[in-house]
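A quick write-up on the structure given underneath.
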Amino acid sequence: MSYFVTGATGFIGRYLMQNLVKREGTIYVLIREQSLDKLPKLREELGVDESRVVGIAGDLTQPCLGISGEDIAKLKGSIKHFFHLAAIYDLSADEESQVQANMEGTKGAVKAAEAMAAGCFHHTSSIAAAGMYRGVFREDMFEEAENLDDPYLRTKHDSEGYVRKKCKVPYRIYRPAMVVGHSETGEMDKIDGPYYFFTMIKKLRQLLPPWAPVVGIEGGRFNMVPVDYVVNAMDFLAHKDDLDGRCFHLIDQTHYQVGEVVNMFARAGHAPQMTMRVDTRMFGFVPPFVRQTLSTLPPVKRMMNTVLNDLGIPQEVMKFTKYFTKFDDREARAELEGSGIECPNLEDYAWKLWDYWERNMDPDLFIDRSLEGRVGEKVVVVTGATSGIGKATALKLAESGAKIVLAARTVEKLDETKAQIEELGGQAFPYSVDISDIADCDRFAQKVLEDFGHVDVLVNNAGRSIRRSINLSYDRFHDFERTMQLNYFGALRLIMNFLPGMEERKSGHIINISSIGTLTLPARFSAYVASKSALDAFSRCAASEYSDCNVHFTTINMPLVRTPMIAPTKIYEHVPTISPEEAAEMVCDAIIHRQKRIATKLGVFGQVIHALTPKFAEIVINTGFRMFPDSAAAKGDTSKEKSAPQVSPEQMAFAYLMRGIHW
C-alpha cells in the first residue's frame, strides 16, 4: 500500500505523516524543486529513511501539480490513498493567493490522482465551505452554503465543489473546524484564528490585575479542534471501509461564543476576563446603511486600524466575530465510535495553547528589544553629556554602538568624555553649546544636521534646578526666567530643529528628562517644576500630532539623582537618591520600549493622590516643607554651609518614606 500526500511539510501534514509512517507502505510527498532540502529534516522527524518517504517534485499551482510524466507513470496503479492537504488556511491571506492554492491546487490534485489511478482521493476541506450559514449545517449539506463573499470561504467552498463534481476516483471529504495547536504539547505553526486575540489578552494582563472586571463584546461562535484530533480522525476514517463519497465534520461539539473563548484563554494567561459582554446583535436596530457609512468614515477607519494593528488583529478576522453557523458531526462520531478518538475539551488544553504561544509565538519575542538593536549606528544627541545623567547615558549608548553627539558647554569636559567613550570602543562627537542660548541652539542643531544628515534620538537632559522657597524669591524673578530658558525653551528649540527631519524620515525618538516633581509637586521647586511641566505638556501634545509618523516622545520623571546639580544642597547627602548609572538605565529602557512616560511607583502614586485628594496631598507636601529648611545658599548665605547639616530621625524617616522626591 502506497500513499501520496500534498502539504506533507505543512502543520496538519506533518502530524498526519507521523500516523502514516506507522502503517506499511511507501509515502510519496509532493515537494517543490527549491524545497527538496526539507526532505531530510522531515525524514529525521519521522524517524524513517528515503525508502519510506520519497519526494516527488512538483508545484501546487501547475496542471496535474506539475508532476512529470515519468513520475506519473511510475506511480500509476500503486497509490492506494491520495491525501490532499496543501492549501492556505489563513483568514488574512490575499484573494489571489487563496485562489491559486485552494482552487487551482485542488484541480491539479484531482487530475494527478486520476492520472495515477489512485484508490481514493482524501480531500481536506473546511467548515468554511458552509460560508456564513445561519443555522445548523450538516455533513450531507453543501449547496445550501450562503454568504460566500469572503475569498477564504468562497475558495474553500469551490474547491470542495470541484471534488464533488469532477473527481473521477472515489473520494472522501473532511471538514475540520478551526485547527489549533496540539492538545498535549500546544505546538502550533502560525498565528491564526483565536491566536489573533492573544496579544490583546497579554496587554490586558500587563495593564490590570487578573481580578479586575473588564467590559467586552460578545460575538458569533468559534469552533476549534486540536491538530491531533484532526489527523487521528482523518487517518482512522481514511482506512475504514465503505465510506467513499461521504463528508465528515471534524469539530468540537461545543460551539463557543467569541467572549467565552477570549475568557478561556484569559484564564489560561492569568489576565482579566470580560465580566460583562455586550452582544453586538443588540445594535441590529441600526439600519445597515448607517453602520456601513459610519464604518467607512476615514477617522473611524483610521482609529479602528490603529487599534487592530496595535493588537495584531487583521481586519479580515473581525467579520468572523459574527460567525453564527453551528455544525453537526453525528456521522463522523458514529464512524469513530469505539476507536477511542474524540475531541478533547477546550478548557482542558487551552492553557497548553497559551503556554506554547507565549514561549514560542508571541510576536514580541521576535522584536529586537536590545539596546544595540535600537541604537546601533544611530545618531543620538545627548545634551548635558559631560556629567551626571547625561554622561552616564552617553557611555551606555556608546557601548551599544550609537554615534553619540555630546552636547555641553565646557570643551575640556567634552574632550574628556569623548576620550572615555573611545576607550570603550565607542564613537563620540563633541559639540560645545549653551542650550540656554536660543541662537546657539540653532547653530548647534544646524551643524549636527550638516555633519550627520539627521538625528535618530534626541535626549534632552541638560537642565537647571533651583531649590528655593517662593518667599525667598520675591526679588529673584530671574530664577524663573533662567530655569524656563534652559529647561523648556532650550530643549524645545532643539526639538523644533530636529523634528522636521524625523517627520520626513518617519522615524525618530525624543526623550525628555523631566522630574518626579511634575507628578508630586514638591515645595521649594516651583521654578524647576514649572519649567519641566511645560516641556511635559508640550511632549504630550506633540505625541498626538506625530503619532502616525513613527516619531515617539518619552517623558522620564526622574526621582532625585545624585548628580553635581544637587551638590549645593548638603542635606541631600543624607536622603535616598539613585545614581546617574541607574538613571541612565531608565533612559536606555525608554529607547528600547519607547514608552510615553517612565516614572517611579511613588511618582505615579503622588499624581493619583493629587488628583483624588488634593487637600491631603497639599498637607503632606506642606509637612515636608516645614520639616526641611532652605539651604544657606537659597537664603543668600553660602559661607555658613560648608558641610552637610545634621538630619533628625524624623527628617530621615520622612525622606525614606518619600524616597526620590525632592525636599
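No value in this document is a laboratory result; all are computed from the given coordinates. All values reported here derive from a predicted model rather than from experimental measurement. Cβ: placed from backbone, ideal geometry, glycine included. Neighbour counts: every protein chain shown.
For the range 2-366, DSSP calls about 5 percent of its internal beta bridges antiparallel. With K and R counted +1 and D and E -1, the other residues having a Cβ less than 12 Å from that of SER68 yield a net charge of -3. Quarter the surface of the alpha carbon convex hull of the range 64-134 and you get the mean projected area, 5.4 square nanometres. Listed by chain and number, the lysines whose C-alpha is less than 29 Å from the C-alpha of LYS403, apart from same-chain residues fewer than 8 away, are LYS378, LYS391, LYS413, LYS418, LYS447, LYS506, LYS532, LYS596.
Rounded to the nearest 20 debye, the dipole size of the range 185-236 about its Cα centre is 400 debye, using +1 on the Cβ of Lys and Arg and -1 on the Cβ of Asp and Glu.
Please give the net charge around HIS182, taking every other residue with its beta carbon less than 10 angstrom from that of HIS182, where Lys and Arg add +1 and Asp and Glu add -1.
That works out to -2.
The peptide list 246-254, 503-511, 615-623, put in order of mean Cβ contacts within 10 Å with the highest first, becomes 246-254, 503-511, 615-623.
Using only alpha carbon pairs under 8 Å that are at least six residues apart, calculate the relative contact order of the range 2-366 and give it in whole percent. Averaging sequence separation for qualifying contacts and normalising by length gives 18 percent for the range 2-366. Given axes a ≥ b ≥ c from the Cα gyration tensor, I'd like to know whether the range 451-520 is rounded (a/c under 1.5), prolate (a/b larger than b/c) or oblate. Prolate is the answer for the range 451-520, as a/c is 1.5 or above and a/b outweighs b/c. Please label the shape of the range 22-79 as rounded, prolate or oblate, based on the square roots a ≥ b ≥ c of the eigenvalues of the alpha-carbon gyration tensor (a/c under 1.5 means rounded; beyond that, a/b larger than b/c means prolate, else oblate). Oblate is the answer for the range 22-79, as a/c is 1.5 or above yet b/c matches or exceeds a/b.
The residue list LEU424, ALA394, LEU414 was ranked by how far each Cα lies along the charge dipole of the range 342-445 toward its positive end, using unit charges on Cβ atoms, and LEU414 comes out on top. Rank MET178, PHE142, THR199 by how far each Cα sits towards the positive end of the charge dipole of the range 136-199 (+1 on Lys, Arg Cβ; -1 on Asp, Glu Cβ) and give me just the farthest. Final value for the positive-end residue is PHE142.
Classify the range 2-366 as rounded, prolate or oblate, taking a ≥ b ≥ c as the square roots of the eigenvalues of its Cα gyration tensor: rounded when a/c is under 1.5, otherwise prolate if a/b is larger than b/c and oblate if not.
In terms of gyration-tensor shape, prolate.
For the range 46-70 and the range 250-270, what is the separation of their C-alpha centers, rounded to whole Å? Value for the Cα centre distance between the two parts: 38 Å.
Sorting the segments 147-153, 173-179, 99-105, 237-243 by their residues' average number of neighbouring beta-carbon atoms within 10 angstrom, most packed first, yields 173-179, 99-105, 147-153, 237-243. Cβ under 13 Å from ARG359's Cβ, ARG359 left aside: what net charge do those residues give with Lys, Arg +1 and Asp, Glu -1? Here the charged neighbours net out to -3.
Over 31 Å between Cα atoms: which of LYS38/LYS165; LYS22/LYS190; LYS203/LYS601; LYS107/LYS202; LYS76/LYS190; LYS107/LYS352 fall into that group? From LYS38/LYS165; LYS22/LYS190; LYS203/LYS601; LYS107/LYS202; LYS76/LYS190; LYS107/LYS352, over 31 Å: LYS38/LYS165; LYS107/LYS202; LYS76/LYS190; LYS107/LYS352. Sorting the segments 42-55, 393-406 by their residues' average number of neighbouring beta-carbon atoms within 10 angstrom, most packed first, yields 393-406, 42-55.
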